[in-house]
1. Please go through (1) at pLDDT below 80; (2) open to solvent by 70 Å² or more (accessible area, probe 1.4 Å); (3) more than 27 Å from residue A:99 (Cβ to Cβ) for residue A:33 and return the number of the only condition it doesn't satisfy.
2. Just for the range A:202-214: of the residues that are part of a strand (DSSP E or B) and closer than 20 Å to residue A:257 by Cβ, which one is most open to solvent (accessible area, probe 1.4 Å)?
3. Among the candidates A:183, A:178, single out the residue that is under 22 Å from residue A:236 (Cβ atoms) and open to solvent by 40 Å² or more (accessible area, probe 1.4 Å).
4. Among the listed residues A:284, A:211, A:279, identify the single one that is at pLDDT below 95, in contact with a helix residue (DSSP H, G or I) (Cβ under 7 Å, 6 or more places away or on another chain), of a type outside the set (Ser, Thr, Tyr) and in the same structural domain as residue A:339 (by TED's automatic domain parsing).
5. Can you tell me which residues in the range A:386-403 are more than 8 Å from every other protein chain (Cβ to nearest Cβ) and among the acidic types (Asp, Glu)?
6. What is the one condition in (1) of a type in the set (Val, Ile, Thr); (2) open to solvent by less than 10 Å² (accessible area, probe 1.4 Å); (3) touching a residue at least 24 places away in the same chain (Cβ under 8 Å); (4) farther than 28 Å from residue A:38 by Cα that residue A:95 does not satisfy?
7. For the range A:290-334, which residues satisfy the criterion of being away from chain B (no Cβ under 14 Å), out of contact with any Gly (no Cβ under 6 Å at 6 or more places or on another chain) and aliphatic (A, V, I, L, M)?
8. I'd like the full set of residues that are out of contact with any helix residue (DSSP H, G or I) (no Cβ under 6 Å at 6 or more places or on another chain) and surrounded by 14 or more Cβ atoms within 10 Å (Cβ to Cβ), limited to the range A:350-361.
Amino acid sequence: MDVDKHADELASALGVDKEEVKEDLENLLQYSVPIDEAKQSVRRKHGGGGGGGDATPESLDVADLTTEHDNVTVTVRVLTKGTRSIRYQGEDITIREGEFADETGTVSYTAWQEFGFEPGDSITVGNAGVREWEGHPELNLGDSTSVALESDEVEVPYGIGGERDLIDLEPGDRGRTVEVNVVEVEERTIDGRDGETEILSGVIGDETGRLPFTDWDPHPEIETGESVRLADVYVREYRGAPSVNVSEFSTVEALDAPVTVTDSAPSMSIGDAVTAGGLFDVALSGNVIEVRDGSGLIERCPECNRAIQNGECRSHGDVEGVDDLRTKAILDDGTGTCTVILGRELTESIYGGDLDDARDAAREAMDREVVAEDIAAELVGDAYRARGSLSVDEYGANLNADAFEPVDEDPETAARDLLAELGVGA
Amino acid sequence: MSADGGPGNREVARRLFAAEFDDASLSYSESDEERAPNYVVTPTGARVNRLFAVGVLTEVEQVNEDSLRGRVVDPTGAFVTYAGQYQPDEHAFLNRTEPPTFVALSGKARTFEPEDSDRVFTSVRPESINEVDADTRDRWVVSAAERTLYRIAIFAEALDSGLRGDDLRAAFETTSVDPSLAAGIPKAIEHYGTGTAYLEAVRELAVEAVEQVAGERDAVGALEAEPGEGGPSN
């Protein structure tokens, strides 16, 4: 029997001295303990694995992990690590989350205690549980898991560390670090899980985009106009778009060099934007192909400001409606479709008149619909570019527009560009 | 103003040229339910529930007491649209508009097969029609060409793959190909046996239409190829 080989394997899995492991193994083997039992025993002695299972956890490449596995051992590089507090069965628990990788792939993890590894470390994780999260395997590092530092670096074709541009953040990201300018911030009092809590909320931006943020443990460095580095933040979905969360575990540092915030929103096809599942600040172009019901001269509930029909609010019953102007236009570029919602100001500029003009027109025609008809006659068919916040949920894809203007690109130029791209003509 | 599409999964308005829409003869519904969407599948695999076209309104005719028929002409042919009593706004628009006028038309794709004929006609049941300008028409030509060229490229890859039917659809699902094309292309191959000669003819049509907008050409040639020419089943 090759005790050396088994000792090597164990020592590296456990991160302890090989000679010591070999001695322990040989000692047990003298008593004719089967090698698998002996290894389990040594593993347990050194704080590894041994959650009572009778099988050695499988040693796997990350790409081969499936949700069918129960317990596994992997040798990986730590890509990211984020800290978060969660309430689990009435108790506050601090967990670490992030991604591991080897050369075959990446996998998310949740560690229920501090194992001490940091991004960039190469480690062997022994006896990690496998659970399913949104159809993908995820590693669960608990009491029975061992983590051993490897001296040989695990080479990975992935970036190490959580530094990202805002455009690359997605809901579910943990342990991210961003350098941003605080575009706007306000203090708010919310009724949180521990009663009234002060928080900060607002908008941050960098050269790639803007996102809303919440600071659950207000950091004084976060002030309007200041540039800051936010380390160890996590990303959640808020109204269909990513939102950055700063917590008590985040480090906030003021930056000397100011971060420039982009003036323009990222442009993409409507199909891609809708598939992305919501974007805080995006520019979409397409044709207005319809103006939906609920546009034009509408009435809102004086209590809740929601649009009402026939003087009846869904929450407040019969109310005295307050007039307003609004447009809900279907914008479609052939790859996707969304409803662009234009508030009073943008609607007035399309309509070419204010609320009083609209009321006069409705009175004269004895029909409020004439306002929406005029707006439709102005918009339908033409190409527009809308910028704002896109949400995608059970109510469909809706863009709350801050800006809305006709596409003024010369079609002849667009045609020449397309031909050049195809390699035909000029 | 037309009926509200409501929230949720609104059908995207597809862009395609009239000549290709005119060649379509397949329509189907995803299920037997009354409200299940109906689709027209074109020879290059566009699966069209709703379409958006911009062209010149050249004629308006009274077809019967209630209905008007309008022809909306793009550089390749004509979209035919019928507005009846259930499309009062569109009916009124056609009634008052003096051709020729640039118009934008969006609506539902339909096929119709007269009892005494083996030809299938396509038409558009309008959801909105509005007057637009020449630039809007030209921009539409460029976007219809873009969508058409993208579709043909995917179709050609599908032909090359040798996969058909459900296998092809399954293969598409592992890629980023638009789900509507993933459904439409296998059906088009099965129904039309669309071949490379037709794909090339539609490609040429699209390029010529763009060249016309770019000021490099006066007219676009006719689409004379039949979908099945050079097809996998020939």
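The values are calculated or read from the model by the stated rules, or taken from the named source; none is laboratory data. None of these values were measured; they are calculated from a predicted model. Ideal geometry is used to build each Cβ from the backbone, glycine not excepted, and the neighbour counts take in all protein chains shown. Each accessible area value is taken on the protein alone, full model and side chains, heavy atoms only, with ligands, DNA and RNA left out. Shrake-Rupley method; radii C 1.70, N 1.55, O 1.52, S 1.80 Å.
1. Only one criterion in (1) at pLDDT below 80; (2) open to solvent by 70 Å² or more (accessible area, probe 1.4 Å); (3) more than 27 Å from residue A:99 (Cβ to Cβ) is unmet by residue A:33, namely (2).
2. Taking the range A:202-214 first, the residues part of a strand (DSSP E or B) are A:202-206, A:209-214.
Filter once more, so that each one left must be closer than 20 Å to residue A:257 by Cβ: A:204-206, A:209-210.
Working: A:204: 2, A:205: 0, A:206: 8, A:209: 7, A:210: 64 Å².
Checked the range A:202-214; the qualifying residue most open to solvent (accessible area, probe 1.4 Å) is A:210.
3. Values: A:178 fails: open to solvent by 40 Å² or more (accessible area, probe 1.4 Å).
Answer to the check: A:183.
4. Numbers: A:284 fails: at pLDDT below 95; A:211 fails: in the same structural domain as residue A:339 (by TED's automatic domain parsing).
That would be A:279, the only listed residue that is at pLDDT below 95, in contact with a helix residue (DSSP H, G or I) (Cβ under 7 Å, 6 or more places away or on another chain), of a type outside the set (Ser, Thr, Tyr) and in the same structural domain as residue A:339 (by TED's automatic domain parsing).
5. A:393, A:402
6. Just one mismatch for residue A:95, condition (3).
7. Of everything in the range A:290-334, those that are away from chain B (no Cβ under 14 Å), out of contact with any Gly (no Cβ under 6 Å at 6 or more places or on another chain) and aliphatic (A, V, I, L, M) turn out to be A:319, A:322, A:325.
8. Taking the range A:350-361 as the starting set, the residues that turn out to be out of contact with any helix residue (DSSP H, G or I) (no Cβ under 6 Å at 6 or more places or on another chain) are A:352-353, A:355-357, A:359-360.
Hits for the range A:350-361 are A:353, A:355, A:357, A:359.
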